[in-house]
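Note sheet for the following structure.
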Amino acid sequence: MKKNIALVMGGYSGEHDISIASGNQVYGQLDHTKYNVYKIVIDRQGWYWEHDGEHRPVDRGDFTVTDNGQKVLFDLAFIIVHGNPGENGILQGYFDMLGVRYTTCGFYTSSLTFHKGYCNPVVKSFGLVKVAKSVLLYKEPPTDAKLDELMSGMNYPVFVKPAAGGSSVATTKVKSREQLLPAIREAFTEDRQVLVEQFIPGREFDCGVFRPAEGKKIVFPVTEIIPIGGHEFFDYEAKYDGFSNEVCPAEVDESIAKHIQEVSYRLYDLLGCRGIVRFDYIYNTEEKELYFLEVNTIPGQSAESIVPKQARAMGISPAELYEMSILAALAE
C-alpha cells in the first residue's frame, strides 16, 4: 500500500511564505506513485489540508484529515516549516506524543539549535570551531544608559538578531552606538530574547549534512555566499530576492573546504542531528580561523536553495534527496 505522507509547511514566523515555497517545491519532486502526499498548511488562522483549492480541516487531536469520508492516518510527517513551530522543536514534540515519524531532528536538538544564544556556547564547548563573542538580552531592550555596559568587550560593528529565528528576519548589522538600540527594539518584535553578536569579517560558507537510512553520513560540497547589490551580509533580500552569488563548490583552498566539511560532519552527531541539516560559518581570512554561525535543521528546499544546489553538485537530484529523507525517517 502507498504510504501517507503529510507535507507540513507554513508556520507562525516571518518565514511562513518561504516555507510554503519550499513545501511546494518538495511536493513537486516527491514520487506520487509511491506516496499519497497531503499538503498540510499551518498558519495563525489554523491548520488545514490544501486540496483542489479548498482548505479542509486537520484534526489536531490525532493529526488526521478526512478524505472521501475516510480518516487518513499518516505514516510520516515531512516537516518543511522554517521557524516556529517547525524548527524550534514544538512540532517534533507534538509528533513524538502521537507516535508519528518525521524527517527532521528531534525535539531536544531542534529546540537547542534554534536558539542561537543557547546553541553557541554548546558548540564552543566542543572545541572544534570558534564562536563570536555575544550578549543575550531578555524580555525587553536595555535603557540607553546600559548600552555601553552591554558593549563591554565588543567593538562595532555587531549583529543584532532574534535569538530564536531564521532567514535573517529582524537582523541588523549595527555600525555605531546610535544604531544599536533601534536594532535591538526591532529584533524584540520577533522574539522575547535578542542576541548581540560581534561581527566577524571574512567569507561566509555553508555545508549540508545528511544521514541516509543505510551507509555513512553524506557531507555535501561547501557553498560560498557572496552578497551583491549593496548588501553587506546574507540578509533576507540577499537570500530570497537574488542579491547574492552562491558558489558551489566554493572556490576556496581545498584544506579550508575539507576543514568545514569535517567540522560539519562531527557537529551533526555531537548535536544529535537527524535529517537534512545545514551548518553556516564565517572564515576569518585575517586570523585564518573558522567561526560557527548557526545550524539550520530545516534548511530551505526551494529550487534555488543552498542544500538542493549542493546535492545537485554531488549528482543527487532533489527527487532522490527527498526520497532518501523519507526512507531514513521511516527507518528510525
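Give me the extension gain from E320 to K175: residue separation times 0.36 nm, minus the current Cα-Cα distance, reported in nm with one decimal. Don't skip to the answer; put the middle values down first.
Details: separation 145, 0.36 × 145 = 52.20 nm, distance 4.41 nm.
Extra length available between E320 and K175 comes to 47.8 nm.
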Set of lysines with alpha-carbon distance to K2 below 24 Å, sequence-local pairs under 8 removed: K34, K39, K71
Of R312, R266, R44, R56, which has the most accessible area and how do the rest follow, probe 1.4 Å? R44, R266, R312, R56
Top mean-square fluctuation among A163, A145, A313, Gaussian network model of the chain, C-alpha springs under 10 Å? A145
Mean separation of Cα contacts under 8 Å (at least 6 apart) over the residue count of the chain, i.e. the relative contact order in percent, is 19 percent
Please find, in a Gaussian network model of the chain (springs between Cα atoms separated by less than 10 Å), the residue of L270, L180, L30 whose mean-square fluctuation is greatest. L270
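Given that compact globular proteins tend to follow 2.2 N^0.38 Å, what is the ratio of the alpha-carbon Rg of region 285-332 to that value?
Values: Rg = 14.5 Å, N = 48, 2.2 N^0.38 = 9.6 Å.
After normalising by residue count via 2.2 N^0.38 Å, the value is 1.51.
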Give the lysines whose C-alpha is closer than 25 Å to that of K175, dropping any in the same chain fewer than 8 places away, or say none. K116, K130, K133, K139, K146, K161, K239, K288
Most mobile of G99, G300, G215 per a Gaussian network model of the chain (Cα springs, under 10 Å)? G215
Using 0.36 nm per residue of separation minus the Cα-Cα distance, give me the extension gain between A213 and D96 in nm, one decimal. 40.2 nm
Measure off 7 Å from each Cα along the Cα-to-Cβ vector at R203 and Y12, then give the distance between these two points in nanometres to one decimal. 4.1 nm
Which lysines have a Cα lying under 22 Å from the Cα of K217, excluding residues fewer than 8 positions away in the same chain? K258, K309
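Pull out a ≥ b ≥ c, the square roots of the eigenvalues of the alpha-carbon gyration tensor of region 1-41, then state rounded if a/c is under 1.5, prolate if not and a/b is larger than b/c, and oblate in the remaining case. Could you put the intermediate results ahead of the total?
On the way: a/c = 5.27, a/b = 2.18, b/c = 2.42.
Here region 1-41 falls in the oblate category.
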Is region 1-106 best put as rounded, prolate or oblate by its Cα gyration tensor, with a ≥ b ≥ c the root eigenvalues, rounded for a/c under 1.5, and otherwise prolate when a/b is larger than b/c, oblate when not? rounded
Kindly state, to the nearest 0.05, the FRET efficiency for H32 paired with L147, given R0 = 45 Å and r defined as their beta-carbon distance. 0.20
Amide hydrogen neighbours beyond the local backbone of V81, cut-off 5 Å, H modeled: none
Selected from V100, V174, V131, residue furthest toward positive end of dipole (region 98-184; charges at beta carbon): V100
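If you average the sequence gap of Cα pairs under 8 Å that are 6 or more apart and divide by the length of region 173-328, what percent do you get for the contact order?
Details: 235 pairs, mean separation 39.5, N = 156.
Computed over region 173-328, the figure is 25 percent.
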Given a cut-off of under 8 Å on Cα pairs at least six residues apart, what relative contact order in percent is computed for region 102-177? 25 percent
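The values are calculated or read from the model by the stated rules, or taken from the named source; none is laboratory data. Since we're looking at a predicted model, the values are computed, not measured. Glycine gets a Cβ as well: all are built from the backbone with ideal geometry, and neighbour counts include every protein chain shown. The protein model used for the area step is the full one, side chains on, heavy atoms only, and it has no ligands, DNA or RNA in it. Shrake-Rupley method; radii C 1.70, N 1.55, O 1.52, S 1.80 Å.
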